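Just below is one structure, and these are the notes that go with it.
The values are calculated or read from the model by the stated rules, or taken from the named source; none is laboratory data. Source: prediction; values computed, not measured. Glycine gets a Cβ as well: all are built from the backbone with ideal geometry, and neighbour counts include every protein chain shown.
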Amino acid sequence: MSADENLRQRLSSVGRRVRQWLRVQFSPVPLLGWFLAALVAVILEMLVGTPLARLLGMSKFPVLFGFALALAQPVYIPSAIVYVLLIYVLPVALVARLSIRLGNLLAGWLMRTSPLLSVVVHLGLLYGTLHLWAGLSDYRVLVVRLMLIAIMLTLSLNVVNGYMGEFSCSHPGFMALGAYAASLFSVLFFVGNDAFGAPLLPIGLGPFLFPLGLILGGAVAALGALLVAIPSFRTRGDYLAIISLAFMFIIKSLFENLEFLGGARGLSGQPDWASLPVVFAWTILCVWTINNFVRSTVGKALNAVRDGELAADAMTVDTRRTKMVAFFFAAFWAGVAGGLFAHVLRYVNPGTFDLKKLAEVLAMVYLGGLNSVVGSIVGAVSYNLLSEALRPLELYKWIIIPLLFIMVMIFRPTGLIAFREFDVVKLLHPREGTPGHAGPGAVEPQAER
Amino acid sequence: MAFFMQQVVNALQRGSFYALIALGYSMVYGVLMLFNFAHGDVFMVGAYIGFFVSSGLLALSAVGFLSLPTGVTLALVLVLTLIISMLLNSVVGMLVERIGYRPLRGAPRASAAITGLMIGIILETSNLALLGAQRRSFPDLIPGETIHVLGVNITPKKIVIVAVSLLLMFGLHLFVRRTKWGMAMRAMAYDYVVVPLMGVSINTIALLTFGLGSALAAAAGILYGVAYPVLDPYMGVLFGWKAFVAAIVGGRGSVLGAGLAGFLLGFIEIFVAAFLPSTMRDLIAFSIILVILTFRPHGFFGEPYSAQLRL
Amino acid sequence: MTLLRVDDMTHWFGGLQAVSGYNVAIEPGQIRGLIGPNGAGKTTVFNLITGRYRPTEGHIFLDGQEITGLPPHKIASMGLGRTFQNLRLWRHMTVLEHVKMARYSKITYGLAGAFFGTARRNREEDDIETRARELLELVGAVDWADHIVTNLPYGMQRRVELARALAIQPKILFLDEPTAGMNPEELVQMMEIVRLVHEQLGLAIFLIEHRMKVVMDLCEVIQTLVFGQVIAEGTPDEIRNDPRVIEAYLGKEVMA
């Protein structure tokens, strides 16, 4: 045995032991414990973030875990690492580890009292953490809101491309329909501009009626989906891919030609109603309904249609209806996401919904993993974080991200977390007494494709 | 009438590019059942290769490497540029296959398609990184006076472009119909399983398919450069996707179909732009395509495939 | 009253007559067999009755209602369950999900239930699950309930397919070579299960089989199909001794 090989073996055994130790230490931490720990870290950053950053020689605290800073000015790499360790890693690990007993007690009590209460408390904690963390800089607020919208888009596309196993390219088109419809709603009724004249309703009502605008956006997108679905779902195969692509071009071109919506210049003046809590709430609603759907027998019919349409048909599944429903549902959520998107940027133009957007959404879906709600969340979050973190590299970002993506595809062709079921209630259960139970995340891994 | 004929001539030229690119998509799709979303950018790379090769050759002749009459020199440069660039670009296409697609042979086809998309982005960005943002202008290889025939303006460029495209398409048609390799490709389009039985490996056929398609894309790139002498790294994106749609309208794996659909797209675009505001071009072109696909789901010459296709 | 009646069903594939003048009448609770050499059109008969193809001519009645030309899922939900000659299972789904899926047409919670996870949906899903487990118990596959179906041994996959077909609550069950590719031990087990299912659920069974032993043991009435035409119909004994059947199967050891 060569010395080199010997060393490698020793290293891998060390690695194994470290992993083992981590598992023993942290596997009993319930989700609640992690959320609490994250909250503590964020509060810590609020209190001492800026002074600590100054102490470490940085002009202000690193906004995105120091990635951007480290890439832009490599001198700050050590400072950024120390900052992330002191503010995030150590406090989270410490609090999570120390709160095991308390966290499990609390999680158990919540669960026994009412699973619904448990969900509400967890969501509250998650939102609180997100709110405080993002509250430290406008940039973070923007990134988080766009990330949440990306989750909605990715998840809804996964319903078609993953759960249903077809290949749809029309998501930017649905998004555009939703964005314009919701913008039109806001501008026409509450803001007014040169084309539409004075607003029809007092702006004070706006924030309360905004959900209606978003639903309208989703409905318009679903209506557009009809145009794709009717010719597409008569036969199988790659038909949908081409029709939906043509549809995307048609929609983009349509908005370029609609002068009353600003044509190629776009439409602006959307009020700032898509605040963080609003976007968060819609994202949760989206994840919740989609997860409900794909876990029901009605939704699982999509998998049956994908894996064997003949058998599905013979087992009483109305395959055409199943596909249509899923497609409209996906389009609806893409439309809602588009409406939110337009109100986050407070500007919308046809050029946004082009091939680049398509490549982005597709990349997030296939990166995260097909047929998996967790996968889509992971895909959207990691893609957005990566994209923001690599921003200082400018041009080279668009070499590195595609390369990373290709690597993932080669080693995990169905994506990072594919074919998993997302059982929320199971996730919220206390962990004590179940050592070795894998950390948070999806349960019950299923066979690889 | 003259106006109409003028548009026909313009449409033939534009259709040539679409047809040549569509052929590359169509072959890969027909033979390997893959969407090669990198193909538009391979076209762009081909145009740049053509730019460098032709500029190099012109520089050589300028320093007196060749002392021939100008017209002959330019013709020679054009032919050499076409041959060299097509060869080089076919290597690019084969690399794309080898690096991006072969490792994913067993993966869902959609994963391969997205990988192709990513390779396309890498090609665009690398170009931008290596050559900078300034646009390159393609040397004028086919100068010549405009000829007026019955009130229609025809430049030698247009004649050469259309002629070369038709020639290449005919060549490809012969290759696919008459040679052993072409037979193997068609066999593979028919049934994945039989090809290894014929003593040809799937990988060889895949390389061949990508190589041929990329060579045609290079030709399209050079002809495009001759016609619209401005190159930029993103020129392949929209052009490529449109050609992709044309390939599907032509029918899976049909050389004739892809060629015809390419020309059809050219005609639609030119005629829409001639009679309506040019912003309506894409709207109408794609609406027509949507209608065609609604009534002919498998394109002009495609046959319905019963095999379970999984993405 | 006749449960399933087919009158003069004829089907052409292009210029080829695959089935001609086919008739059958199956009574409730009856087990009936359909035999014939390869390519005789047995599976085509199944596909025509179950709605996958629309017959060129003829009429099909299930429980007195005409079902000719209805889509397969409608016909299935009216009480016609089937299995496939080559297993058609869904490769990413668990055994339990397979059986639950066949309850699709009986689900009443609708889209609202599917999207919002209403109490009614939870109740109904629980009911379906209980029923699915019962059926898996019946065919002896309940231990595999939570496994992905592709991880099961072949014989077990066949049982899952059977349980799935039973979950639609069929009045009549079409079995397309349920013992194809099985070893002798699995074959015996499968026959037991078919018998058990028949006794417990009291449904009619229409069976395509290649192995004569299976058909002769199980069926009350057997039809022999050759080149799309029924050449003989009768009890196992009659079929066994019918010279036309022997001729069609000439040299086949299975007639012993």
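Test of understanding: among C:VAL245, C:VAL221, C:VAL215, C:VAL197, which residue is at pLDDT below 90, closer than 26 Å to C:LEU62 by Cα and of a type in the set (A, V, I, L, M, F, W, C)? Talk me through it step by step, then tell me what you get.
Numbers: C:VAL245 fails: closer than 26 Å to C:LEU62 by Cα; C:VAL221 fails: at pLDDT below 90; C:VAL197 fails: at pLDDT below 90.
C:VAL215 is the lone residue from the list that is at pLDDT below 90, closer than 26 Å to C:LEU62 by Cα and of a type in the set (A, V, I, L, M, F, W, C).
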Pairing a residue in region A:1-28 that is closer than 30 Å to A:ILE100 by Cα with any residue that is at pLDDT 85 or above and hydrophobic (A, V, I, L, M, F, W, C), where Cβ atoms lie under 8 Å and the two sit 6 or more apart in sequence or on different chains, gives A:PHE26/A:ALA93; A:PHE26/A:ALA96; A:PRO28/A:ILE100
Quick check, is A:TYR239 among the hydroxyl-bearing types (Ser, Thr, Tyr) and more than 14 Å from every other protein chain (Cβ to nearest Cβ)? no
Residue match in region A:298-315 (condition: over 20 Å from C:GLN157 (Cβ atoms), touching a Gly at 6+ places or on another chain (Cβ under 6 Å) and at the interface with chain C (Cβ under 8 Å from one of its Cβ atoms)): no
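Residue-by-condition table, conditions (1) surrounded by fewer than 18 Cβ atoms within 10 Å (Cβ to Cβ); (2) within 14 Å of chain B (Cβ to nearest Cβ); (3) acidic (Asp, Glu):
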site	(1), (2), (3)
A:LEU205	yes, no, no
A:ARG234	yes, yes, no
A:ILE250	no, yes, no
A:SER268	yes, no, no
In region C:83-111, what residues are more than 7 Å from chain A (Cβ to nearest Cβ), assigned to a helix (DSSP H, G or I) and hydrophobic (A, V, I, L, M, F, W, C)? C:VAL95, C:LEU96, C:VAL99
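Against the definition (in a loop (DSSP other than H, G, I, E, B) and either away from chain A (no Cβ under 14 Å) or more than 30 Å from C:HIS147 (Cα to Cα) (or both)), how does C:GLY69 come out, yes or no?
On the way: in a loop (DSSP other than H, G, I, E, B): yes; either away from chain A (no Cβ under 14 Å) or more than 30 Å from C:HIS147 (Cα to Cα) (or both): yes.
It is true that C:GLY69 is in a loop (DSSP other than H, G, I, E, B) and either away from chain A (no Cβ under 14 Å) or more than 30 Å from C:HIS147 (Cα to Cα) (or both).
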Checked pairs for region A:119-148, first over 29 Å from A:ASN104 (Cα atoms), second part of a helix (DSSP H, G or I) and charged (D, E, K, R), C-beta under 6 Å and 6 or more apart or across chains, list as A:VAL143/A:GLU388
Among helices (runs of 4 or more DSSP H) entirely within region B:1-108, at least 3 residues that are without any contact (Cβ under 8 Å) to a residue 60 or more places away in the chain occur in B:39-62, B:70-96
Can you name every one of the helices (runs of 4 or more DSSP H) wholly within region A:17-89 that holds 1 or more residues which are under 30 Å from A:MET111 (Cβ atoms) and within 25 Å of the chain's Cα centre (by Cα)? A:31-55
Could you tell me whether A:SER183 is in contact with a strand residue (DSSP E or B) (Cβ under 8 Å, 6 or more places away or on another chain), at negative phi and hydroxyl-bearing (Ser, Thr, Tyr)? yes
Qualifying residue in region A:343-351 (condition: aromatic (Phe, Trp, Tyr) and surrounded by 24 or more Cβ atoms within 10 Å (Cβ to Cβ)): no
Just checking, does region C:119-131 include any residue being more than 7 Å from every other protein chain (Cβ to nearest Cβ) and assigned to a loop (DSSP other than H, G, I, E, B)? no
Every residue from region B:103-129 that is surrounded by fewer than 23 Cβ atoms within 10 Å (Cβ to Cβ), more than 8 Å from chain A (Cβ to nearest Cβ) and at pLDDT 90 or above: B:ASN127
From (1) at pLDDT 85 or above; (2) away from chain B (no Cβ under 12 Å); (3) buried (at least 18 other Cβ atoms within 10 Å of the Cβ), pick out the condition that doesn't hold for A:LEU212. (3)
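Can you tell me which residue is nearest to the chain's Cα centre (by Cα) among those in region A:288-297 that are at the interface with another protein chain (Cβ under 7 Å from one of its Cβ atoms) and surrounded by 23 or more Cβ atoms within 10 Å (Cβ to Cβ)? Show your work before the answer.
Initially, region A:288-297 is screened for residues at the interface with another protein chain (Cβ under 7 Å from one of its Cβ atoms), giving A:289, A:292-293, A:296-297.
Narrowing further to those that are surrounded by 23 or more Cβ atoms within 10 Å (Cβ to Cβ): A:293, A:297.
Working: A:PHE293: 17, A:THR297: 25 Å.
Within region A:288-297, the match that is nearest to the chain's Cα centre (by Cα) is A:PHE293.
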Pairs with Cβ under 9 Å, 6+ apart, first in region B:191-217 and surrounded by 17 or more Cβ atoms within 10 Å (Cβ to Cβ), second at pLDDT below 65: B:ILE202/B:TYR192; B:ILE202/B:VAL195; B:ILE202/B:PRO196; B:ILE205/B:VAL195
With the condition kept exactly as written, say whether any residue in region A:274-287 is β-branched (Val, Ile, Thr), in contact with a helix residue (DSSP H, G or I) (Cβ under 9 Å, 6 or more places away or on another chain), within 14 Å of chain B (Cβ to nearest Cβ) and assigned to a helix (DSSP H, G or I). no
Take the residues in region A:359-407 that are within 8 Å of another protein chain (Cβ to nearest Cβ) and outside any helix (DSSP H, G or I); name whichever of them is nearest to B:GLY116 (Cα to Cα). A:LEU370
How many residues, within region A:87-118, are surrounded by fewer than 17 Cβ atoms within 10 Å (Cβ to Cβ), touching a helix residue (DSSP H, G or I) at 6+ places or on another chain (Cβ under 8 Å) and over 19 Å from A:GLN25 (Cβ atoms)? 2
Scan region A:250-259 and give yes if some residue there is under 26 Å from B:ILE289 (Cα atoms), of a type in the set (Asp, Glu) and in a helix (DSSP H, G or I), otherwise no. yes
Name, by its number, the condition in (1) within 16 Å of C:ARG91 (Cα to Cα); (2) part of a loop (DSSP other than H, G, I, E, B) that does not hold for C:MET156. (2)
